[in-house]
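Report on the following structure.
The values are calculated or read from the model by the stated rules, or taken from the named source; none is laboratory data. Not measured: the values here are computed from a predicted model. Using ideal geometry, Cβ is built from the backbone for each residue, glycine included, and neighbour counts are taken over all protein chains shown.
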Amino acid sequence: MVYLVEHFYSIQGEGKYVGTPSLFFRFGGCNMRCEGFGCIEKADDGVEVLGCDTVYAVNKEHFSHTWIPITKPQELLSVLELYDLPCAVDIVLTGGEPLIYANDEVFVTFLELLIARGHQVTFETNGSLNIDFEHYPVYKECVFALSVKLANSKEPLSKRIRGDVIYNIASNAKDAFFKFSIDRDSIDLALEDEIESIRIHSPKTKVYCMPVGGTKAEVEANTEPLIEFCKAKGYNFSDRLHIRIWDANKGV
């Protein structure tokens, strides 16, 4: 079963395509929790859940009331009719982790319909779940933002870094780039080594580093140290433009 948590039309706030008008589909479910990011979301039942800045799309136990079950591709495709969109607007599939549905017939058909209509489709993924590009060639027409998790996520190394998966995606996708979430306390001599240990699986893939934060204040606190790190190491700095503009508001 595919679960859709929310959809919204905005601009891309992160990575290589920052500023691009994009229609976002946020899917529910993830194979990681990333409690190290320290973002807290209060559920309707009063429970405070720790995780990433989209923990409501990760934790089904406390946020299931916002998870919409999808049984047909047309249910997803019909979302496009709710907005006044430019022709072939960019589509961003995020989560949670959208690739938990990579082999789902409904999900794959939805992708095929989007590509057939001329949309650029970008996945925001943690890069730990493999894709069968030969069985599902539609993925070769997609862009992948590889947000591989670093040690600051507090996820185990063997779970968050899968060299074979990174290589497979970067080698077969239409386009791919690394996008790392970094807080000021993680910027030390070991950080470059950690990033390079990931890049070794796809050395030509560009690196974008963005500040950790679920609020404008958190993003701003981590921004300047990260910019200096990027300047010193030659990485690309990626703002989190949507948070800087709209703060912690969802769906913008």
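Numbers at a glance
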{"item": "Segments classed as helices (runs of 4 or more DSSP H), wholly inside region 147-252, with at least 1 members that are within 21 Å of residue 50 (Cα to Cα) and not aliphatic (A, V, I, L, M)", "result": "157-160, 216-233"}
{"item": "Every residue from region 34-59 that is aliphatic (A, V, I, L, M) and either assigned to a helix (DSSP H, G or I) or over 16 Å from the mean Cα position of the chain (by Cα) (or both)", "result": "40, 43, 47, 49, 50, 55, 57"}
{"item": "Subset of region 44-59 (residues that are surrounded by 15 or more Cβ atoms within 10 Å (Cβ to Cβ) and β-branched (Val, Ile, Thr))", "result": "49, 54, 55, 58"}
{"item": "Subset of region 60-95 [in a loop (DSSP other than H, G, I, E, B) and either free of Cβ contacts under 8 Å to residues at least 12 places away in the same chain or surrounded by fewer than 19 Cβ atoms within 10 Å (Cβ to Cβ) (or both)]", "result": "71, 72, 83, 84, 85, 86, 87, 88, 89"}
{"item": "Qualifying residues in region 6-43 (those that are polar (S, T, N, Q) and touching a Pro at 6+ places or on another chain (Cβ under 9 Å)) - the one surrounded by the fewest Cβ atoms within 10 Å (Cβ to Cβ)", "result": "10"}
{"item": "Selection status of residue 186, modelled with pLDDT under 95, over 28 Å from residue 112 (Cα atoms) and hydroxyl-bearing (Ser, Thr, Tyr)", "result": "yes"}
{"item": "Residue match in region 11-21 (condition: in a strand (DSSP E or B) and under 26 Å from residue 75 (Cα atoms))", "result": "yes"}
{"item": "Qualifying residue in region 193-213 (condition: closer than 16 Å to residue 13 by Cβ, in contact with a Pro (Cβ under 7 Å, 6 or more places away or on another chain) and crowded, with 19+ Cβ neighbours inside 10 Å)", "result": "no"}
{"item": "Odd one out for residue 88, checked against (1) over 14 Å from the mean Cα position of the chain (by Cα); (2) modelled with pLDDT of 95 or more; (3) on the phi < 0 side of the Ramachandran plot", "result": "(3)"}
{"item": "Test: residue in region 131-139 that is of a type outside the set (Val, Ile, Thr), part of a loop (DSSP other than H, G, I, E, B), within 14 Å of the chain's Cα centre (by Cα) and surrounded by 15 or more Cβ atoms within 10 Å (Cβ to Cβ)", "result": "no"}
{"item": "Extreme residue, nearest to the chain's Cα centre (by Cα), among residues of region 185-217 that are charged (D, E, K, R) and more than 11 Å from residue 229 (Cβ to Cβ)", "result": "206"}
{"item": "Criterion (touching a Cys at 6+ places or on another chain (Cβ under 8 Å) and at pLDDT 95 or above) met by exactly one of 116, 173, 102", "result": "173"}
